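Every number here is computed from the coordinates shown, using simple stated rules; none is lab data. Here the structure is a predicted model, which is why all the values come from computation and not from measurement. Note: ideal-geometry Cβ built from the backbone for every residue, glycine included; neighbour counts use all protein chains shown.
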Amino acid sequence: MEKIQLTLDNLNEVFPDDFTQEQIAKAKTLFLKKLAEKSHKFYGGKIQTVPKAPVPGFNWFNVWYTPGVSKISTTIRDDNDTSFQLTNRGNFVAVVSDSTRVLGDGDCTPPGGLGVMEGKAFLMKYLGGVDGVALCVDSTNEKGEKDPDKIIEFVKMVQPSFGAINLEDISQPNCYKVLDTLREECDIPVWHDDAQGTACVTLAGLLNALKLVNKKISDVRIVMLGAGASNATIARLIIADGANPKNLTIFDSKGSLNSDREDIKNDKRFYRKWELCEATNPDKIDDFAEAMKGADVLIALSKPGPDTVKPEWIKAMGEKSIVFTCANPIPEIYPYAAKEAGAYIVATGRGDFPNQVNNSLGFPGILKGALMVRARKITDNMAIAAAHSLADYAEKRGIGPNNIVPTMDDADVFPVESADVAMQAIKDGVARIKMTWEEAHEIAKNDIKYSRDMTKKLTDEGYIKSPPKDMLQEALDWAINEVS
């Protein structure tokens, strides 16, 4: 293979000519994992803390610290809400996880989730202008069990330091209790990005996909593979936004969700799944292949593929079928295979394929919107507003079968999303302060620009080093060798 100057933008052009599409897809995954390993080791992680105030002279430490800072403490003591103005709390998010379900890798132990949680903080800062910190906790109790109450207690204890909490990679059923309890009992927004974030962006993609195939959300028949936190929340949001629950058939590892599922009914921890058992699949279809016959939409967030979803199942779907296969790190079926089987629109969670339906489009803007108006919670209406904001933004820009949602490099999508979410928070009565859409958009736009400009400046000045030139090529050569 002729060596070229490899970048992540020309990755599709550097594989051997005799590689099949399946080999290219496998090699991409291996390459990105190897490059992640090399680059994280090189940089020692990807987040650091830097001052936001100057030090004109060392006497200024008497202002930033003692004795001057005593005035800040007593002011906040007398009115806790001033902490949002006088400290970084108003733009600060804790990314909290017990690392029991990290991407598709399962329980990675608490420290094993740090890479992902740092990644969330990285995206919050660069895409949303929001500061974040990774807090991976051990939720094991004295019985050796993963205890949701330990996470709940931890979040309640740290909430005075943050403007919002982003829950991440907590296994079900614990994730349901953790989110629902904290949403009601905390005085700041608590957001479960695996569930609500994924649901928000999936709904956005579905809305635009349905526009392209000229079908209504209230009419389409939807099959869902996987009934974890993500798909359970996707189902709840799309029903709230107009889908007919009787047209939904949802499958977990034991079969379809329906009112005969006594195993779910009798386990009170799975109350969210039982709600769906009661509302969906009235015909109690329990065979996945049968459910797929004539279906309009497949939404899969289940076991990583590429053979989890069979081509013959997609062939049996209705005209102009819509297929979302969003397992990480490998979709349940590769997009090229789904297209060959007849799918009209295919989306995955990966950025190296068209139509990336990934929560990274949602949480930076949603959290920024909630923080700007000091919301006390993030309502389902706010998540749905974000979904419509993303869908509308993409539609105005232009959509097509391979372009149904915005991408992370669309310049203004996050400020627009932030402002739309802020307005919905005000409408829902959960905002502490009010502002106009234009004011919210300007704040978000300026904060995001500041974050990006600062990163560029630090890179240009050499404080953030550029990756070694041979790092990408070494990772690619290794991946190609592994697949060959």
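Report the label-to-label distance for Asp287 and Asn80 in nanometres (one decimal), using points 7 Å from each Cα along the Cα→Cβ vector.
5.8 nm
Under the rule of at least 5 residues apart or a separate chain, name every residue whose amide H is placed under 5 Å from the amide H of Asn281.
Under 5 Å from the amide H of Asn281: Leu248.
How about Lys293: which lysines have a C-alpha closer than 23 Å to its C-alpha, ignoring those fewer than 8 places off in the same chain?
Result set, ordered by chain and number: Lys211, Lys215, Lys216, Lys246, Lys254, Lys284, Lys303, Lys310, Lys315, Lys320, Lys339.
Could you compute the FRET efficiency for Met471 and Asp107, with r as their C-beta to C-beta distance and R0 at 35 Å, rounded to 0.05?
That pair, Met471 with Asp107, gives E of 0.70.
Report the charge-dipole magnitude of segment 25-102 in Debye, nearest 20, computed about the Cα centre from +1 at each Lys and Arg Cβ and -1 at each Asp and Glu Cβ.
800 debye
Nothing charged except the Cβ atoms of Lys and Arg (+1) and of Asp and Glu (-1): what's the magnitude of the dipole of the chain about its Cα centre? Round to the nearest 20 debye.
It works out to roughly 780 debye.
For segment 430-435, just list the computed ³J(HN,Hα) in residue order, Karplus coefficients 6.51, -1.76 and 1.60, θ = phi - 60°, integers in Hz, with x standing in for Gly and Pro.
Karplus values, whole Hz, x for Gly and Pro: 10, 8, 7, 10, 10, 7.
Of Leu167, Trp60, Leu103, which is farthest on the positive side of the dipole of the chain, counting Cα position, with +1 on Lys and Arg Cβ, -1 on Asp and Glu Cβ, and the Cα centre as origin?
Sorting the options by dipole projection puts first Trp60.
Counting other beta carbons within 10 Å of each Cβ, put Lys396, Lys150 in order, fewest first.
On the way: Lys396 9, Lys150 18.
Lowest to highest Cβ neighbour count: Lys396, Lys150.
Within 10 Å, at most 14 other Cβ atoms, and a DSSP state outside H, G, I, E, B define an exposed site. Report the longest part of the chain free of exposed chymotrypsin sites (Phe, Trp or Tyr not before Pro).
66-462
Which ³J(HN,Hα) values, rounded to whole Hz and listed in residue order, are derived for segment 308-318 from phi using the Karplus coefficients 6.51, -1.76 and 1.60 in 6.51 cos²θ - 1.76 cosθ + 1.60 with θ = phi - 60°, glycine and proline given as x?
5, 9, 8, x, 5, 5, 6, 4, 7, 6, x
Rounded to whole Hz and in sequence order, give me ³J(HN,Hα) for segment 448-463 from the Karplus expression 6.51 cos²θ - 1.76 cosθ + 1.60, θ = phi - 60°, writing x for Gly and Pro.
5, 4, 4, 4, 5, 5, 5, 4, 5, 5, 5, 6, 4, 7, x, 6
First measure r as the distance between the Cβ atoms of Ala240 and Ala36, then evaluate 1/(1 + (r/R0)^6) with R0 = 35 Å and state the FRET efficiency to the nearest 0.05. Could the numbers behind the result be given before it?
Numbers: r = 36 Å, r/R0 = 1.03.
It comes out at approximately 0.45.
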